[in-house]
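Enquirer: One structure is given below, represented as structure tokens, and several questions about it will come after.
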């Protein structure tokens, strides 16, 4: 059982349930507006889909103690439970930079580990803030080939403005970074040194600038896939 958590005597973070169904439309609208503001994509979901996640016990919601919606995240499974994704992380604009996103993500991670203890937990993001949160939870950056091969998984990216980059490179490259938590690695007595996000974040930012310059500078019709591959390989 996942215990509700009180954060800073201000918020409560818990598994969503039928009492939160009324908030599904508001959550979906905020997801869409946030994606537009960032100029990137997020898997677009309907209020019905969000409601289903709430009723299945596969969503985390944060509220103020007075009952106002603060943030949300849900979990999805792929390849018969081999992979679990913590998706759709969103925080209301009035509560951003409060640290609540970290608590929502941590609670979603706890829920994923409880419901699917053997699954690899995955994520794809362009957000440095999300990468920092994931790194603290034990995720490592991985190539996109280490993520699910299921077409349904990648279909979730189709609403992203950069989806053509993913398709043009045959799912080998994108502006997003793939991240993965492998429970098997964490069972070993001698663990490899964790990825130091703070130490390497400047390197990541530089890598992102290079990727954008290479992947976005030409129109699809003008781009040679082999040429893109060669240019990206030279900066790894």
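Enquirer: Has region 20-38 got any residue that is more than 15 Å from residue 88 (Cβ to Cβ) and surrounded by 13 or more Cβ atoms within 10 Å (Cβ to Cβ)?
Expert: Checking region 20-38: at least one residue is more than 15 Å from residue 88 (Cβ to Cβ) and surrounded by 13 or more Cβ atoms within 10 Å (Cβ to Cβ).
Enquirer: Quick one: residue 104 ticks every box in (1) closer than 19 Å to residue 81 by Cβ; (2) modelled with pLDDT of 95 or more bar one, so which box is it?
Expert: Here residue 104 meets the rest and fails (1).
Yes/no matrix, rows are residues, columns are (1) outside any loop (DSSP other than H, G, I, E, B); (2) at positive phi; (3) in contact (Cβ under 8 Å) with a residue 12 or more places away in the chain:
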| residue | (1), (2), (3) |
| --- | --- |
| 148 | no, no, yes |
| 153 | yes, no, yes |
| 160 | no, no, yes |
| 166 | yes, no, yes |
| 170 | no, yes, yes |
| 174 | no, no, yes |
| 179 | yes, no, yes |
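Enquirer: While we're on this one: State all residues of region 76-100 that are under 19 Å from residue 3 (Cα atoms) and modelled with pLDDT of 95 or more; if no residue qualifies, say none.
Expert: If the condition is that a residue be under 19 Å from residue 3 (Cα atoms) and modelled with pLDDT of 95 or more, then 100 is the only one that fits.
Enquirer: Moving to a separate point now. Of all residues in region 127-146 being in contact with a strand residue (DSSP E or B) (Cβ under 8 Å, 6 or more places away or on another chain) and not in a helix (DSSP H, G or I), which is surrounded by the most Cβ atoms within 10 Å (Cβ to Cβ)?
Expert: 139
Enquirer: If a residue counts only when it is in contact (Cβ under 8 Å) with a residue 40 or more places away in the chain and closer than 23 Å to residue 152 by Cα, which strands (runs of 3 or more DSSP E) contained entirely in region 1-89 have at least 1 such residues?
Expert: 59-64, 69-78
Enquirer: Restricting to region 72-126, what's the tally of residues that are within 23 Å of residue 173 (Cβ to Cβ), in contact with a strand residue (DSSP E or B) (Cβ under 9 Å, 6 or more places away or on another chain) and surrounded by fewer than 16 Cβ atoms within 10 Å (Cβ to Cβ)?
Expert: Final tally of qualifying residues: 0.
The values are calculated or read from the model by the stated rules, or taken from the named source; none is laboratory data. This structure is a prediction, so every number in the text was calculated from the model and none was measured. Cβ atoms come from the backbone with ideal geometry, glycine included; neighbour counts cover every protein chain shown.
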